[in-house]
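J.: The following block contains the structure, expressed as structure tokens.
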Amino acid sequence: MRTKKGLSMYLIVMMLITCIAQFAPQSAEANAVWPRPQIVPIPTSVSGVANPVISLSGTWKFNMTTPANFWQNTTDPSAWSDIQVPGEAYMQNFQIIQNYEYPYKKQISIPADYSGKRVILRFEGVYSYARVWVNGNYVGDHTGGFSGWDADITNYVTPGQSVWITVGVTDKSNDISNEDQYAKHNIGGILRDVKLIALPQSYATRLQASTDFDATYTNATLNVTGAVYFNGASNGTLNFSLKDPQGNNVVLSPSSLNLSASTNESTVSIPVTSPQKWDAEHPNLYTLTTNLVVGGSTVQTLTKKIGFRKVVKSGNQVFVNGKEIKLRGVNVHDIDPLLGRATNDALDDATVAKFAEGNINFIRTSHYPRSDAFLDAADKYGIYVEEESAVVWQGAEFGTNPNTISDANFTASYMNQFSEMLEKDLSHPSIIIWSLGNETAWGSNFQKELDYAKAEDPTRLTIVSWGNTATDINSSHYPNYNGNFAPSATQPTLHDEYVHVNAYNTATQQRDPNTRNFWGESIKKFWENMFPTTGSLGGAIWASTDEVFESPTSSGGYGEWGIIDGWRRDKPEFWLTKKAYSPVRITDAPVANPGSGNTLQIPIKNWFDHTNFNEVSFNWSVGSDSGSITNLNIAPHGNGTLVIPARNWQNGDILNIQAVKSSKLIDEYNLTIGTPVKTFPAVQGPAPTITDNASNITVSGSNFNVVFSKTTGQVTSGTYNGSTIIVGGPRINLAPVDLPAWTLSTISQSVQGNQAVISISGAYGTMGANFTVSIDGAGLVTTGYSLTNPLAGAKETGVIYDVSGSVDRLSWDRKGLWSAYPADHIGRNTGVANKVSGNNDTYRVKPTWSWSQDMKDFFLFGSNDIGGRATNDFRSQKEYITYASAIMAGSNNRLRAESDGTAAVRMELNKNWMDDRDASITYSGTWTAFSDAGDYKGTEKYSNTIGAYAQYTFSGTGISFLGPKNNNLGTADIYLDGTLVQSNLNLYATSKNFQQVLYSVAGLSNGTHTIKVVVKSGYVVVDTFVPSGGTSPSIAMAINNQWGYDDLAWGNYTTSITVPSGYSNTVKMRLTDNDSYSVTYNPVTVTTNDNTTGTGNNQFNYVGSWSYFGSQSGAYQTDNHYSNTANNYFQVAFNGTKIQWYGAKAANVGIAAVSIDGGAEINVDQYASTRSDNVLLYTSPTLTSGPHTLKVRVTGTKNASSSGTFITADRVDVTN
């Protein structure tokens, strides 16, 4: 038996020697650049065979120690471990290493009706190097973990008998896909399906279809390439039939292709009259059926779905079927939380369907080719695909990685998998771009890929990242949200990684899940800047699915960077993506009341590429009225007006609009008629009474009292209608900063008008803080605060009041980014969030509830996460609130934070965690104190003294030990009440992960217990101990005046705050039993950009020659129109009572003549010595409510100081 070390060295040497001479399926017709591989088309039927295709997925045998001659049938695998295929070995608790060959075995039965047939094994993905034996006979080998390949095993099997299939799998350290590094563990294994396939003796070796259109995109040509291997026959015929998407036969002429042993491959071009086109919005799939006839009999039938479409690049734009496209994309990895970088047909189909649901029309297959099932789903659901070869980080810029980009020893690795990708997937209409690889500098091996793609498939475009002028498309990664989206005039720019989802800001994610909701600001800004930019092809969000591997031992991966999680549940980002990517564009803001009996006219833009709005149903409802508009004629990339029928419109009406296409919800809006102004009762009397004694100050009203400790200056109880709601505070919130202990300087009380006023002064270390708590007779509590020498690092600024652990839900009303959200979205505008979900979050068990109800996170807090933080819904910050109420269980009594829409509330359960510095923890041996911001309270203690221990005695029914994992840590033994309960606890991780639950136990008898952590080997770190099983902890209710999300990075939109010395602000809250408030309605102002053009309401109608400039710094939406031709003009029709025109003041502008409704003109001089944009130039008088028209005319005259007569248009604001 070879040792692992010996075998590893053997394989390393052999891989270096044989890097070029890897096994590939039989080479087919020569390509001048590289031999085209043979990957047989999978048959639908084979004469005389019941099941020509059999999946071999399921249980195989696996051995961590490779026996000598493991491929021989004499090697009995009965004692080997079971392993699931497809699936990573590591994810099934096999700790594989690189450059070591691990054997898989499976015994299968070859069906008797395979007699006289060719028998093929199709491997869809084995990472990363495979050798194959059948019944001990060596068949061949293959390099490349994500491309399909075939092995002909006919000569080694007997139909009707069983055979052993053996696969030796080696995870090579020099694989050019770099997927081990990407996954942060060794992913070696059989990652995709293995199929047993029967073929006739003479069989089709190739069947590819492509399409072309005439100049008017009316009639098409179907080009079918077929090839046949003849064995025992000299000729045959491929007969074709075609059905349209509705199942109707399409007459073909010609309808066959004759082939012979001497000419075994050819192409036939078949004209097709007026086919239904395939595009991402109309995924019309035809069914091409091919019968191979040999000797007068049909021996094989092949079925292929095809789409009629043509991709053309013109300048820096891309067109499909003659229409410009914009790619609303995501990057997609293969991932299953339990099986790792593995996939199956059902999962692939569901994944693609989910993204299509999210208004996504583009997928980049980062960073490797995809399965047939995945691409079939893209064809079916309508998703454009950039299919990428498995080349990642191969340039010198990546340090220790080999620089393979121009290394001839690696050319075969580049070219074999690239050519296999093209040959397998060439006929999919969804694929419009071939990607040569990811984030690697240009080299000769990439040039060879490009040459091969151009020779093999000139119908598609090419790309490589980073961008290169040799390819058709320029690849850009991580532009700034307001950056240059079209840097090239000759290449379309595809930002095929952008708007990175939260991933590396783990501390923020741990504290506040609302960082995920905030990300919606970024994708909205990105897409609204990207779509109108000529030359910007679009982008692909990084990423689509969480990169989290829940292995049996620990949770790992890059992180939760998906818009869905690994279980394919919607995360907050999914709806935010669907909204930002929506092709139905309506300004999501209150609309003006058009008056009773009038229609409501809503400006609308069509950001579809191929869909006229007359294909979309606009279903509307308001009050008891409803209807559907199905004839809105607005062309793709056009704009117009959605007209809601006349009715008795009232301020406060909510107009719900749902845009539906083919039964799919595209978008939803809830538009308020009139701008609501929400208010609460002001200060009310009589003033509450104040009782002041040696210990406390008590403020009492008719149904409440609030008690302040004169020792601490903190509230000890705040009761309302018999419920103790407030149990602590006020405290300053500068999260995530942990403040030093509070020391009270002074506390005093007074009555001022209708309020009892408590004045509190003190300090948190060197930071001074003053509070003024004013309480009126109705329970309104107004807390003013000011700071001196504030501590640095704040991402929130506000006041915390601690509320009772008996609070079990949070209700709120807020102004969100959008007017419509799913009922379980953490960012919804109104809702009630339960503190506890009642779900049993269990590691490696698929959750059956929505993400918002999760109470544990096995990536952020480790596979042993004890939870106890409340639901994601409850603890996510609610921004821009009208109110947010902490409600007591079993009653309506609550503490209600109140705001004019400028404050936020975040709920955080107070921790009963024992920090490593707490005196209740006993240390024995040598322990060193260390500070690290990721630790609880920023501190930890470590030791590498064998036998040193940390011991903590607690009361309760459970205990958890938390600390970091890192690549320099060792092992520990855990004792509970003197008994060893966990030996050799492994603390290793590839990088430092903080606050991991390293050990946890529950279900102890309720009483006193002791946990002891003993250093066994290496370094051991203690961060905190967390007892459980006691009373519900109190909850910190942070009412914030400032908050920032400044750590998304990667070009994302971010916000930050400043807290200068002397900073002061005020928060309001009320002890009450309801969430009532008053509403009035203000006039609505609607802003229209100069590039919103047309003749309808709120559109610029330019008459004469006007120029457009799209990169004007300072202008509204960075663009404007301008003209200096006398008597040119623009008009804006509107319904309202006032209009304001904005433009530029500059040294080269002239005098405009402005009129309303054809009335007298007023001259407006735009001149200024220095330029400023987005300047108010004209305000109309107050008009009668109704239809009006603004006209702005170029006079051709100017101020004497001006150098020109230009007139500019930037925006108009209409008020009604």
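J.: Quick one: Leu810, Leu426, fewest Cβ neighbours within 10 Å first, how do they rank? Can you show the working numbers first?
T.: Details: Leu810 28, Leu426 20.
Ordered by Cβ neighbours within 10 Å, fewest first: Leu426, Leu810.
J.: Between His637 and Asn789, what length in nm is gained on full extension when 0.36 nm per residue of separation is reduced by their alpha carbon distance?
T.: Result: 49.3 nm gained on full extension.
J.: How high is the relative contact order of segment 914-1028, given as a whole-number percent (alpha carbon pairs under 8 Å, six or more residues apart)?
T.: Values: 312 pairs, mean separation 43.3, N = 115.
Computed value for segment 914-1028: 38 percent relative contact order.
J.: Also, quick follow-up: Using R₀ = 51 Å, calculate the FRET efficiency as 1/(1 + (r/R₀)^6) where r is the Cβ-Cβ separation of Asn910 and Ala396; round to 0.05. The partial results should precede the final answer.
T.: Details: r = 51 Å, r/R0 = 1.01.
So the FRET efficiency works out to roughly 0.50.
J.: Please name whichever of Gly58, Asn248, Phe858 sits farthest to the positive end of the charge dipole of the chain, dipole taken about the Cα centre and charges placed at Cβ: Lys and Arg +1, Asp and Glu -1.
T.: After comparing all options, I get Phe858.
J.: Moving on. Hey, what did the chain get for relative contact order, percent, Cα under 8 Å, at least 6 apart?
T.: Values: 3309 pairs, mean separation 85.5, N = 1216.
Contact order relative to length: 7 percent.
J.: Here's a follow-up. Could you tell me which of rounded, prolate or oblate describes segment 698-761, using a ≥ b ≥ c as the square roots of the eigenvalues of the alpha-carbon gyration tensor, with rounded for a/c under 1.5 and, failing that, prolate when a/b is larger than b/c and oblate otherwise?
T.: Working: a/c = 2.23, a/b = 1.43, b/c = 1.56.
Oblate, because a/c is 1.5 or more while a/b does not exceed b/c.
J.: Related question: Taking neighbour Cβ counts within 10 Å as the exposure measure, how do Ile760, Ile775 sort from fewest upward? Please report the intermediate quantities before stating the final value.
T.: Values: Ile760 24, Ile775 28.
Ordered by Cβ neighbours within 10 Å, fewest first: Ile760, Ile775.
J.: Using Cβ counts within 10 Å as a stand-in for footprinting exposure, how do Lys678, Lys579 rank, fewest first? Kindly include the intermediate steps, with their values, before the conclusion.
T.: Details: Lys678 16, Lys579 23.
By the 10 Å Cβ count, ascending, the order reads Lys678, Lys579.
J.: What is the sum of charges around Tyr1077, taking Lys and Arg as +1, Asp and Glu as -1, for the other residues whose C-beta is under 10 Å from the C-beta of Tyr1077? Walk me through the numbers before you get to the answer.
T.: On the way: positive: Lys678, Arg896; negative: Asp813, Glu898, Asp1075.
Counting the neighbours of Tyr1077, the net charge comes to -1.
J.: If you take the Cα atoms of segment 1085-1215, find Rg, then find the Kirkwood Rh from the mean of 1/r over all pairs, what is Rg/Rh?
T.: Values: Rg = 13.5 Å, Rh = 14.4 Å.
So for segment 1085-1215, dividing Rg by the Kirkwood Rh gives 0.94.
J.: Right, something else. Cut-off 19 Å, label point 7 angstrom out along Cα-to-Cβ of Thr1182: give me the residues of segment 1053-1081 whose amide nitrogen falls inside.
T.: Zone members listed by number: 1081.
J.: Using square roots of five times the C-alpha gyration tensor eigenvalues, list the equivalent-ellipsoid semi-axes of segment 311-580 in whole Å, biggest first. Don't skip to the answer; put the middle values down first.
T.: Details: eigenvalues 148, 101, 73 Å².
Gyration-tensor ellipsoid for segment 311-580: 27, 22, 19 Å.
J.: Among Ile325, Thr301, Pro337, which residue has its Cα furthest toward the positive end of the charge dipole of segment 298-360, with +1 on Lys/Arg Cβ and -1 on Asp/Glu Cβ?
T.: Value: Ile325.
J.: With a ≥ b ≥ c taken as the square roots of the eigenvalues of the C-alpha gyration tensor of segment 92-183, please select rounded if a/c is under 1.5 and otherwise prolate if a/b is larger than b/c or oblate if it is not? Kindly include the intermediate steps, with their values, before the conclusion.
T.: Numbers: a/c = 2.78, a/b = 2.12, b/c = 1.31.
It comes out prolate by the Cα gyration axes.
J.: Identify the chymotrypsin sites (Phe, Trp or Tyr not before Pro) of segment 500-536 meeting these criteria: DSSP loop state and at most 16 other C-beta atoms within 10 Å of the C-beta. Write out the running numbers ahead of the final one.
T.: Numbers: sites: Tyr504, Phe518, Trp519, Phe526, Trp527; in loops: Tyr504.
Qualifying residues, ordered by number: Tyr504.
J.: Would you mind working out the magnitude of the charge dipole of segment 203-306 relative to its Cα centre, with +1 at each Lys and Arg C-beta and -1 at each Asp and Glu C-beta, to the nearest 20 Debye? Write down the numbers at each step before the final one.
T.: Values: 5 positive and 6 negative charges, 57 e Å.
That gives segment 203-306 a dipole magnitude of about 280 debye.
J.: Using a cut-off of 12 Å between beta-carbons, work out the net charge of the residues near Ile758 (Lys and Arg +1, Asp and Glu -1, Ile758 not included). Working shown, then result.
T.: Details: positive: Lys710; negative: Asp692.
Computed value for this residue: 0.
J.: Then there is this: For the chain, with only Lys/Arg (+1) and Asp/Glu (-1) charged at the beta-carbon, what is the dipole magnitude about the Cα centre, in debye rounded to 20?
T.: Values: 84 positive and 102 negative charges, 158 e Å.
For the chain, the charge dipole is close to 760 debye.
J.: Let me know the shape class of the chain, please: from the alpha-carbon gyration tensor, a ≥ b ≥ c as square roots of the eigenvalues, rounded when a/c is under 1.5, otherwise prolate if a/b is greater than b/c, or oblate.
T.: Numbers: a/c = 2.23, a/b = 1.21, b/c = 1.84.
It comes out oblate by the Cα gyration axes.
J.: Tell me, what is the percent relative contact order of segment 203-306, built from C-alpha pairs under 8 Å that lie six or more residues apart? Don't skip to the answer; put the middle values down first.
T.: Numbers: 225 pairs, mean separation 30.1, N = 104.
Result for segment 203-306 is 29 percent.
J.: Now a separate question. For Asp451 paired with Thr743, estimate the spin-label separation in nm (one decimal), with each label point 7 Å from Cα along the Cα-to-Cβ line.
T.: 7.7
J.: Each label point is 7 Å from the Cα along the Cα-to-Cβ direction; what then is the distance between the points at Thr1197 and Ala50, in nm?
T.: 9.6
Throughout, read-outs are computed from the coordinates displayed, never taken from laboratory work. What you are looking at is a predicted structure, and each value in this text was computed from that prediction instead of being measured. Note: ideal-geometry Cβ built from the backbone for every residue, glycine included; neighbour counts use all protein chains shown.
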